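To keep things clear, I will list the structure first and then write my remarks on it.
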């Protein structure tokens, strides 16, 4: 499964009442079946920063399309694949890293 992260920023000109309406709309929103939701965070952030962050696992980008269709009227949405940090380094590293003296 691929890990995905979406950053939702309110569109420019969104006012407080529209923000509250989005929060109310969220109460009845259902995430797509294809997504295994790992986290959803509504953030009290400056307006140039994400106000909502979603993290999910899915086999393809389909759930991202769903989020954009459902919320694109209020938010500018940036979606990216993500990875978890590895817990330990492998015994051998790629040749490019070995050339740099990283072993």
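Observations on the structure shown:
- Any hit, the range 84-91, residues being surrounded by 10 or more Cβ atoms within 10 Å (Cβ to Cβ) and modelled with pLDDT under 95: yes
- Residue in the range 23-34 that is surrounded by 10 or more Cβ atoms within 10 Å (Cβ to Cβ), within 16 Å of the chain's Cα centre (by Cα) and assigned to a strand (DSSP E or B) present: no
- Hits in the range 35-77 (condition: part of a helix (DSSP H, G or I), under 12 Å from the mean Cα position of the chain (by Cα) and closer than 17 Å to residue 10 by Cβ): 67, 68
- Qualifying residue in the range 52-62 (condition: surrounded by 12 or more Cβ atoms within 10 Å (Cβ to Cβ), touching a strand residue (DSSP E or B) at 6+ places or on another chain (Cβ under 7 Å) and at pLDDT below 95): no
- Residue 39 meets each of the listed conditions (1) more than 15 Å from residue 64 (Cα to Cα); (2) touching a strand residue (DSSP E or B) at 6+ places or on another chain (Cβ under 9 Å); (3) exposed (fewer than 12 other Cβ atoms within 10 Å of the Cβ) apart from (1).
- Among the residues making up the range 1-22, those that are in contact (Cβ under 8 Å) with a residue 40 or more places away in the chain and either in contact with a strand residue (DSSP E or B) (Cβ under 7 Å, 6 or more places away or on another chain) or exposed (fewer than 10 other Cβ atoms within 10 Å of the Cβ) (or both) are 1, 2, 3, 4, 5, 6, 7, 8, 9, 10, 11.
The values are calculated or read from the model by the stated rules, or taken from the named source; none is laboratory data. Just so it is clear, the structure is predicted and the values come from calculations on it, not from any experiment. Note that each Cβ is placed from the backbone with ideal geometry, even for glycine, and that neighbours are counted across all protein chains shown.
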